[in-house]
Each structure stands twice: as C-alpha cells, then as structure tokens.
Amino acid sequence: MNKRVLVKFSGEALAGEEGYGIDTQILDYIADEIKNLVDNGIEVGIVIGGGNIIRGVTAAADGVIKRTSADYMGMLATVINGVAMQEALEYKGLNARLQTAIKMEQIAEPFIVRKAIRHFEKNRVVIFSAGTGNPYFTTDTAATLRATEINASMLIKATKVDGIYDKDPMKYDDAVKLDTISYDRALEDHIKVMDDTAIALAKDNKLPIVVANMSEKGNLLKIINGDTSKCSIVK
Ligand code: UDP
C-alpha cells in the first residue's frame with residue numbers, strides 16, 4: 001500500500017483547557033504521534049485548522065467584519081498553528097517544512113505540490129497551511145484537496161471520538177459505532193464529522209476518510225497498519 005497519509009488536526013485540538021490558543025504539551029503529544037509514523041516509514045502530510053484562534057463565520061457574525069476578510073483571518077490562524085507545529089516536529093528531531101496557500105515567504109514556503117512530494121521523498125513532514133487559500137472553504141476541504149493532490153492513501157481526521165456513531169453517543173447509551181460508512185450515507189445523514197464539500201471531493205477522488213481518536217496513543221499507526229477498532233472509515 002502507498003505509505004503516504006494526510007492527517008488533519010482541528011485548531012481546537014491544539015487548545016488546552018481554556019479552549020483557545022496553543023497548548024505546547026498537546027503539540028508535543030501530536031509531534032510524538034507523527035514521529036511514530038515517520039519512524040515506521042510513513043510519509044506524513046499535515047493540515048491544521050485555525051478554530052483555536054479564529055473562525056470566519058463566527059468573526060463575521062455581527063457584520064462588522066466582512067465574511068471574506070474574516071475567512072482570511074481564519075486562514076492566517078492556520079499559519080500560526082502551522083509555525084507552532086513545525087517547531088514541535090523539529091523539537092522531536094523530525095525534519096519538517098511548512099507550506100502556505102497564501103504567499104508569505106519569510107514564514108513559509110509557497111504551496112507547490114511537486115516540492116511537497118520531494119520533501120516526502122527526503123523523509124520530511126510537510127504541513128499545509130492557509131487552507132485552500134480561498135474564503136468560504138474549510139480546512140477539512142483543504143485537507144481533502146491536499147490529500148488528493150499528494151496522492152495520499154487516506155485522509156485521517158484526528159478527533160476526540162472513536163469514530164462515527166449512528167446517533168450522538170453523548171446523548172444515547174445505545175449509540176453504535178459504524179466501522180465503515182459510504183460517502184453517500186455520510187452526505188445524506190449530514191454526518192457532522194466533515195462538511196459536505198469535503199465529503200463530495202473525497203467521493204469524486206475515491207479518497208478514504210478515516211475519523212480517528214487522536215487521544216489514544218499509537219492509534220494513528222495502528223490504523224495505518226489496519227487496526228480499525230478506534231476509528232470509522234468513510235469510503
Ligand atoms: N478558511 C478559509 N478557507 C479555507 C480554509 C479555512 O477561509 O480553505 C478559514 C475559515 O474562516 C475557517 C478558518 O479559516 O473558519 C479556520 O479553519 P477551520 O474552521 O476549518 O478550522 P478548524 O475547525 O479545523 O479548527
């Protein structure tokens with residue numbers, strides 16, 4: 001199997017107890033999980049969200065800030081998270097490169113897919129920041145797009161849950177985890193784990209989306225090696 005994967009972390013995943021900002025201990029934990037993959041010969045691309053700093057829809061809610069500007073602010077937030085992630089990976093002794101969909105040469109390389117692939121060949125982790133570079137999209141869609149562009153074998157969405165359930169497991173005791181679910185069902189059920197644009201793009205490109213629990217140490221590697229007990233796969 002193609003040993004290249006793309007892992008998506010939400011911005012919120014980086015935030016500590018307060019729910020905002022960047023908790024370096026969480027970054028350190030994530031970097032360890034990524035190192036575990038790299039040490040096992042896996043090529044890793046990363047997309048991080050920006051929700052721990054700013055979300056376009058929320059920032060534009062009362063109309064003072066226009067949606068397009070708020071979305072650019074959100075994209076900048078993902079670059080801030082990307083710089084932090086690059087540091088955390090290097091702190092663990094990995095080689096990492098931050099790329100951005102919006103040019104800012106002093107901070108990150110511009111996104112160039114051929115360059116990203118060259119980095120993978122040299123054992124470097126590549127972080128794709130600034131989303132798709134366009135307002136009105138999400139970093140889930142950016143992750144799907146980048147995963148497709150780099151020909152990743154799967155997109156792993158790292159979450160705090162073990163996977164997708166038939167109903168909300170927080171509310172219902174009899175909620176059942178679904179091991180696999182089709183793209184069409186994910187779209188029909190409006191499964192909240194990914195927005196419809198991301199699912200539709202994954203469907204068009206036959207990219208499996210794995211919703212996984214990142215709090216479970218070693219889970220990312222287990223999933224890549226075929227143990228799907230702590231995840232659900234949309235395919
Ligand atoms: N964003 C955008 N275009 C993109 C990706 C992100 O405009 O291609 C903006 C959007 O405002 C979004 C914010 O960046 O709210 C942060 O990303 P997201 O909400 O996806 O982060 P997450 O929920 O994963 O933390």
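If you go through the stretch 86-107 and pick out every residue that is outside any loop (DSSP other than H, G, I, E, B) and more than 13 Å from the ligand (Cβ to nearest atom), you end up with 10. Where the second residue is at pLDDT below 95 and among the polar types (S, T, N, Q) and the first is within 25 Å of Glu121 (Cβ to Cβ) and more than 8 Å from the ligand (Cβ to nearest atom) and lies in the stretch 131-158, which pairs have Cβ atoms under 6 Å and are six or more apart or on separate chains? Correct list of pairs: Ser153/Asn2.
When we screen Asp168, Asp196, Asp184 for residues that are open to solvent by 20 Å² or more (accessible area, probe 1.4 Å), within 16 Å of the ligand (Cβ to nearest atom) and farther than 16 Å from Leu37 by Cα, the only hit is Asp196. Counting only residues that are open to solvent by 50 Å² or more (accessible area, probe 1.4 Å), without any contact (Cβ under 8 Å) to a residue 40 or more places away in the chain and over 13 Å from Arg146 (Cα atoms), the stretch 89-114 holds 7 of them. State which residue is nearest to the chain's Cα centre (by Cα) when the search covers only the stretch 115-150 and only residues that are buried (at least 24 other Cβ atoms within 10 Å of the Cβ) and small (Gly, Ala, Ser). Out of the qualifying residues, it is Ala143. Of all the criteria given as (1) under 17 Å from Thr141 (Cβ atoms); (2) modelled with pLDDT under 95; (3) small (Gly, Ala, Ser), the one not satisfied by Gly16 is (1). If you check Arg67 against the conditions, is it at pLDDT 95 or above, more than 17 Å from the chain's Cα centre (by Cα) and either within 8 Å of the ligand (Cβ to nearest atom) or not hydroxyl-bearing (Ser, Thr, Tyr) (or both)? So Arg67 passes the test. Residues in the stretch 37-54 that are at negative phi and without any contact (Cβ under 8 Å) to a residue 60 or more places away in the chain were compared, and the one that is nearest to the ligand (Cβ to nearest atom) is Gly51. Answer with yes or no whether Val57 is open to solvent by 60 Å² or more (accessible area, probe 1.4 Å), free of Cβ contacts under 8 Å to residues at least 60 places away in the same chain and outside any helix (DSSP H, G or I). In short, no.
The values are calculated or read from the model by the stated rules, or taken from the named source; none is laboratory data. Because the structure is a prediction, the values reported are computed rather than measured. Backbone-built Cβ (ideal geometry, glycine too); neighbour counts: all protein chains shown. Areas reflect the complete protein model, heavy atoms only, side chains present, ligands, DNA and RNA absent. Shrake-Rupley method; radii C 1.70, N 1.55, O 1.52, S 1.80 Å.
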